[in-house]
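Here is the structure we will look at.
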Amino acid sequence: MRYPQSNSKIDWWIIILYFALVGFGWLNIYSASMSTTQNIWDLNQIYSKQLVWILLSVVLIVFILAVEAKFYERFSSLIYLFALAALVGLYVFGQTVNGATSWYAFGGFSIQPSEFAKTATALALGKFVGDIQTNIRSWQDQWKSLLIMLLPALLIIPQPDPGSALVYAAFILPLYREGLNYLFLTFAAALGLLFIGTLLFEVQGIVLLLVVFLGLYLWQQKRKRKRIKWGQSLIILALAIGFAYSVNYVFYSVFEQRHRDRINLVLGKTVDSNSIGYNTHQSEIAIGSGRWWGKGWLQGTQTKGNFVPEQHTDYIFSTVGEEWGFMGALFLISLFIALILRVLYRAEKQKSIFGRVYGYSVASIIFIHFMVNIGMVIGLLPTVGIPLPFISYGGSGLWGFTILLFIFVKLDSANYINIS
Amino acid sequence: MRKSLLFFLVLIVGLTYVGRLFYLQIYDTTYAQLSDNNAIRTVFDYPQRGYIFDRNGQLLLANQPSYDVMVVPRNMKPLDTLEFCALLNLTKEDFISAIERAKRYSPNLPSVVAAQLTKSEFAGLSEKMYKYRGFYIQKRSLRDYQVNHSANVLGYVSQVNDYTIKMNPDYQMGELIGAAGVEKQYEEVLRGQKGIKYIQKDNFNRDIGPYKDGAFDTPAIRGTDITLTIDAKLQEYGESLMVNKRGGIVALDPKNGEILALVAAPNYDPALLVGRQRSKNFTKLYYDTIAKPLFDRVLQGEYPPGSPFKTLTALIALQEQVITPNDYVSCYGGYNYGGVKPLGCHDHQTPLALIGGIAHSCNSYFANAYRKTIDKYPTPQEGIERWRQHLRSFGLGDYLGYDLPAGNKGLIPDAEFYNRFYQYPKYKWYSPATISNAIGQGEVLLTPIQMVHFTSVIANRGYYYTPHIIKNIGGRDSIPEGFTTRQNTTIDPKYFDPVIEGMADVYVYGTASKPYIGIPGIEICGKTGTAENYIKVNGKRMQLTDHSVFISFAPKDNPKIALAVFVENGYWGSRWAGRIAGLMTEKYLRDSISRKDMEQYVLKGSLMSEYEKPYSGKPFKINQ
């Protein structure tokens, strides 16, 4: 029996990357929210609040690492139920900020439970998939795991906070890794393509395309002298056409104008430059003006001119682009990729399925936040209001990601002991 | 494949984003130029504020162009200060202090150097602007009042202060914001949305046109027009009647709570607060602490309501079933309640029932009704609370919830108020201690708009709509829901009829039965008030001539207008306020005045000598 030294169990790469991200993030929040009076300890200032959140995160980390690793697995179902209850409770006790009832207010500060529900869902999913009686390759268990993943999302959508709910799509990746039928991924991808296709080519266009595709397919089958599955083909065609029509309905009757605008903007349908694309446009100008090396910290003219709205929260990456330039942006993207891949690497090393699914979930969640947020800021994806992990201003967000990540660090450190 | 999917996704997304960043930051230089102050100038494109119309579509408030000279201190280069000052019509000291202030505010953001140049000043300046680096001309739109009345209704705009800039990122230094009246209340509707323009400069700092033909510009969106419920003709007429008097007139349409006129006197020409003379004029108005033209007496002035309040005393007593309309009460020149001095009354026939009591405004009658109401309950505390509860259902004793950014709650005292006042439970107090409330003279305070509000409740026989001044926004019927919901009071509709009969008889044989007060051919209901009041001058409390108060509505059976008129120190309710109420009613219902001599009497009448009395330093007589 060989017990390694206690500190050697912890993956220092993750810790270093975490603090690099948080520290770099704070520098940018400071720049984006700086006013003429500068006093780091004036708690009315956004940057000083964030500094307090960061310092408290360190306390949180010590606490998370002090708890025994088994605790997280054993109590995962309870934590998950608690998170669901917290989300349900919002409909009764929630506080509305910017039109979304996503917050609990406790005196001076507020908490956004959806930021913590991600961790709970990851734990519950790990527990379920890791259970000896679960066979993820069976249809029944696949549906159950999808239910675990979708329940919190369904509670979050009507807040309304579709952006935070979208993040739950990340869990399809760990499930796929564990053996979820590829049909689910294919189906999701097909829905996405049909959605965009319908909006780009109108319903009639997409119907025509589908019919042509089906015709080609049938012709191909016939040429190869294979048996033609008429029934199946027609059902799929009918479903696809039905979906296209419902996309039309949802888009024009359920979505609000702002949602339509955001999607149209990215699809290039509206020739923009008026108020609709204002955020995206200003953030592109800020980033674009950074050039190779940026204008220097605190020197960003667009940042200082308050041209980009929400710059300290969802649009923080535009400050990075302007003040630190292409090299700074590259640095930040590299940090993210390094962190995600490192977590992924450690996840594969986990002995238990629970640990692996959890680690995979962590990597996937960080990845989807990274992809959606930066994609939005650089004008590649529609405007979806979700924060950039570890960087954006916000206590709930920072704590949520810290807990998410450091539970994995703890599980990972316990993993070594099991090996010995 | 299953293990590597996420790995490849991460790499693909990462590479795509780096590629996009390379395109944005390195390859495509237009973005860099847009932010480069040397080649491109960024100016805000300020939208025109929305127009304001009256209920008949008359334009009250429009816009005129104006030009500000702005500076971005960081971009400044050494300049010929003297020549520039001459162009701007500024002294060198003013110019230097403006630059210092701009630097303190921010070296990167634009600040105003000279505000609101006229068109001719602008013409001379614009062709020389290229010489002065870091300076530019910002076109704004300035308010252009189309009428010389309604200053208290329309309000004004002023430059945003530092606090607002800090709290609200929508505003920057030098921008205008609604600071009073409708301009403040409907700021977000009226202001529109500012746009951004990129202007290409050549190497001599001269503008050579929009950058890339305006492809990157964000156009400004004009503010939304609004229509008010105000009747401009009636408002103007009301203001002319109040010349040389202090106080106010409020007219409501009882059917829907629309404010028809909101006259505060003294008033001022709203155009005084526009343009370069603005700060000088504002200071003058602001420091007039005696006439207080900026103080909106109809919304903010808290006065003892006087006798009109008796109608409420009667309604509450009826609802509490402590009196009936047919009970007679005798009056021996006052109401003796065991105090040292009885509550006095004037000379009238006796005994009187409810209708006669209102018509003759008998103090004894209402003191009796009030005491019975309070004494119905085991303790005076409970009685007062019950009384207050009824008044609160009229919306009195709190902000009414109308859509103007000024007001006061008035005062409807509660049990706690008297407990504190009389040091309960060390000393006990009973209903006589609060008896003056019965006739609107005690601790009760109401603002004139609250008085017209309860008048319209009476006119409607028990319900109301919250008073409001917005008729529609942007031509659509989209006024806030709170203004279109009918609200009921705790008084049963059947109790209003005898009170209304009494108010009609005020004109027949009561306190306003002089032939010149009523309107021939229109059945009008009213109630006079003569309210005692006191003032402190240099720490000395002195009584002044009574306020002349009047409430009315007409026609009796299908009320179209309710009025409250308040004339400070006008003495008898019928003398000034009653006459004015009659003229306003006739003007609104008929658009012409039948009794020209009476109209002339009011138009020419002045109370200025009355107002000067307490400040003359000499002893003076009141109630003459």
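Laboratory data are not the source of any read-out in this text; all were calculated from the coordinates shown. Please read all numbers here as calculations on a predicted model, not as lab measurements. FYI the Cβ positions are ideal-geometry reconstructions off the backbone, even for glycines, and counts take in every protein chain you see.
Summary table below
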| item | result |
| --- | --- |
| Estimated distance in nm for a label pair at residue B:101 and residue A:132, the labels positioned 7 Å out from Cα along Cα-to-Cβ | 8.0 nm |
| Rounded to the nearest 20 debye, dipole of the stretch B:232-615 from Cβ charges on Lys, Arg, Asp, Glu | 800 debye |
| Three-way shape call for the stretch B:232-615 based on the alpha-carbon gyration tensor, with the a/c threshold at 1.5 | rounded |
| Amide proton proximity set for residue A:313, modelled H, under 5 Å, gap of 5+ | A:393 |
| Value of Rg to Rh for the stretch B:40-228 (Rh from inverse mean 1/r over Cα pairs, i.e. Kirkwood) | 0.99 |
| Which of A:326, B:295 has the fewest Cβ neighbours within 10 Å, and the rest in rising order | B:295, A:326 |
| Ranked list, fewest to most other Cβ atoms within 10 Å of each Cβ, for B:595, B:2, B:371 | B:2, B:595, B:371 |
| FRET E, pair residue A:19, residue B:2, Förster distance 30 Å, beta-carbon r, rounded to 0.05 | 0.40 |
| Number of partner chain Cβ atoms within 10 Å, mean per residue of B:16-23 | 6 |
| Nonlocal amide H pairs with residue B:64, under 5 Å, H built at 1.01 Å | B:142, B:143, B:144 |
| Hz values of 3J(HN,Hα) by residue in the stretch B:144-156 - Karplus curve (6.51, -1.76, 1.60), Gly and Pro given as x | 10, 6, 8, 10, 9, 10, 6, 4, 6, 7, 6, x, 8 |
| Estimated vicinal HN-Hα couplings, Hz - the stretch B:553-559 in sequence order (Karplus 6.51, -1.76, 1.60; Gly, Pro = x) | 8, 7, x, 4, 8, 9, x |
| Relative contact order for the stretch B:266-374, counting Cα pairs under 8 Å that sit 6 or more residues apart, in percent | 23 percent |
| Spatially proximal aspartates and glutamates relative to residue A:127 (Cα-Cα < 12 Å; intrachain offsets below 8 disregarded) | A:73 |
| Among B:165, B:113, B:215 the positive-end extreme of the charge dipole of the stretch B:40-228 (Cβ point charges) | B:215 |
| Shielding by partners, peptide A:324-336 (average Cβ within 10 angstrom, other chains) | 3 |
| Cut-off under 5 Å, modelled amide H: who pairs with residue B:133 long-range | B:77 |
| Within straight-line cross-link reach of residue B:587, lysines at Cα separation under 18 Å, skipping those fewer than 8 residues along the same chain | B:233, B:556, B:560, B:596, B:604 |
| Directionally averaged shadow of the protein assembly as shown, computed from the convex hull of its alpha-carbon atoms, nm² | 57.7 nm² |
| Dipole magnitude (debye, nearest 20) for the protein assembly as shown, charges at Cβ of Lys, Arg, Asp, Glu | 2340 debye |
| Gap separating the Cα centres of the stretch A:336-397 and the stretch A:56-124, nearest whole Å | 18 Å |
| Non-local Lys pairs in the stretch B:40-228, i.e. 8 or more apart or on different chains, that have alpha carbons under 19 Å apart | 23 |
| Neighbouring partner chain Cβ atoms per residue of A:398-404, average, 10 Å criterion | 0 |
| Sequence-separation-based contact order of chain B, relative, with Cα cut under 8 Å and 6+ spacing, percent | 13 percent |
| Using a Förster distance of 51 Å, the FRET efficiency for residue B:233-residue B:89 (Cβ separation, nearest 0.05) | 0.80 |
| Given chain B, longest segment not containing exposed loop GluC sites (Glu not before Pro) (DSSP; at most 14 other Cβ within 10 Å) | B:128-442 |
| Trypsin sites (Lys or Arg not before Pro) within the stretch B:393-486, DSSP loop, no more than 14 other Cβ atoms inside 10 Å | B:426, B:428, B:486 |
